[in-house]
Amino acid sequence: RAAPGGRGALAAVPEPAELADGVAASGADALVYLVPGFGGDDGAALLVRGPGGPVVALPLPGLSAAGRRPLEAYLTAAARRSGQRRAREAEAPEAESGWEAALDELCAWAGPAVVGPLLERLAAEGVRRTPVRLVLVPCGNLGVVPWHAARLAGGHACEVAVFSYAASGAQFLEAAGRARRPVRERPVLVADPRLDLLWATDEVLTLRAAHYQRAALYGELATGPPPEGIAGAGTPEELLALLPGAANGGADGTANGGADGTGPASLLHIASHGEAGARPTVSALALADAGADGTGRGGNDGDASGDGGLLTVTRLLDRPGGGPAPGEPGPLVVLSACETDLSRRDHDEALTLTTALVARGASDAVGSRWTTVDGASALMMVVFHHHLTVEGLAPADALRAAQLWMLDPERRPPPGMGGQLAREARRPSLQRVAEWAAFVHQGSPRPNPPKDSPKDPPKALAKDPPKDPPTESPKNSSEEAGR
């Protein structure tokens, strides 16, 4: 096996017994490899359960070459949408509607083709609890599918299961065995360093006021810096220094990690633009360019080969200082940005920004499968952090709770969400798959110990009157630009 955190960890192949032990220790019901068929062969789901059990191969005709036609149609529509968005062509609205129709068809196919038979097989093996806890390792272009949004009788898959995703069995084991830092220990919030997003300021200031009052702020705020100032412009170098590694602290998490504002973060939440690259290694977050004017607006802006403000997969994996030290706990990294769990070429999800962050020591990472609506992303993030901090849910469970909230027509703003964000929360269009299903969880599937509240939280939150917003909100509230 490759060294922890290195490139090889994504592709290393553990023994089935190791995987079974990891499944049992993580609290998951199954680790499931989704394997496409080729030629005239069916695809299959390979199920790894607890110690002593065999690896079960579940034949899936829906994953044969002929059965995957809805996926091929979606890939075509997604490529057209992505190209016209980048070119800002007049046909972009038509491409957008075509992509969303193809996404809906993809989810309608994913249920009966894969998720339904998978859940039936687990039930036959005695898995009865709700929600079922699944870790999926999709192979090839199956990685582009939002399996948690698969349509089942009466709803979507996330309504009956908690989904985590992994790039490989080896990365699942690495993340499942990694301790989590308490998210409020040393939180860092990054507001769009290039001031391109309408909702990033509201998102970050709402999170800070409601949940992370001591968080360090990086980036740019549309309202200007707060009285205590900004910790940094939000350059790639600054954010890389906040990730685990011997150069940033150490296994005990104490060296340079305290009140002096340096060392590994416990939470790194980044609200910025992101984009999947033509090659997985150049997929990037758009941050501040320290070599220009510190805002990310100078230099060769947008050029993956020359923009110093782009934090690429290559820069993450080749970061000096190495990966996490043995036993070093990992942060939660939230990429509130577009296409951060996607690669354009072949759509093989083994190498994305999200999986690269897990490889570099994050215990959990949240990223997106497509370009998202800015306002919907901000809402999702505020509700996600509510469930993470107030309800005490683990990241995978908190993301699921936020998605169930988006699906609920009677949703109410959580405490701390006010003003335009609270009004945005009442939009019926939040129930569209395109608006709620983009974000996925990678990393440790381990649930947190239960609190006194129900294990499976209701979709609607408390109907408290919303508080005043922390900042002036943008006026357009529906189909604004994506992240």
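Here, each number is a calculation from the coordinates, and none is a lab measurement. This one's a predicted model, so the numbers in the text were calculated from it and none came from an experiment. In this analysis, Cβ positions are derived from the backbone assuming ideal geometry, glycine residues included, and neighbour counts consider all displayed protein chains.
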For this session: Could you work out how far apart the two model spin labels at residue 79 and residue 448 are, taking each label as a point 7 Å from the Cα in the direction of the beta carbon, and quote it in nm?
Result: 4.3 nm
For this session: At 0.36 nm per residue, minus the direct Cα-Cα distance, what do residue 128 and residue 196 gain on full extension? Give it in nm, one decimal, please.
Result: 19.8 nm
Exercise. Counting other Cβ atoms within 10 Å, which trypsin sites (Lys or Arg not before Pro) in segment 137-194 have at most 15 and lie in a DSSP loop?
Worked result: 184
Exercise. Taking neighbour counts of Cβ atoms within 10 Å as a proxy for exposure, in what order, fewest first, do 390, 114 appear?
Worked result: 390, 114
Problem set entry | Proxy reagent accessibility, fewest Cβ within 10 Å first, across 173, 240 | 240, 173
Exercise. For 107, 338, what's the fewest-to-most ordering of other Cβ within 10 Å of each Cβ?
Worked result: 107, 338
Exercise. Can you give me the Cα centroid spacing of segment 211-239 and segment 406-426 in angstrom?
Worked result: 25 Å
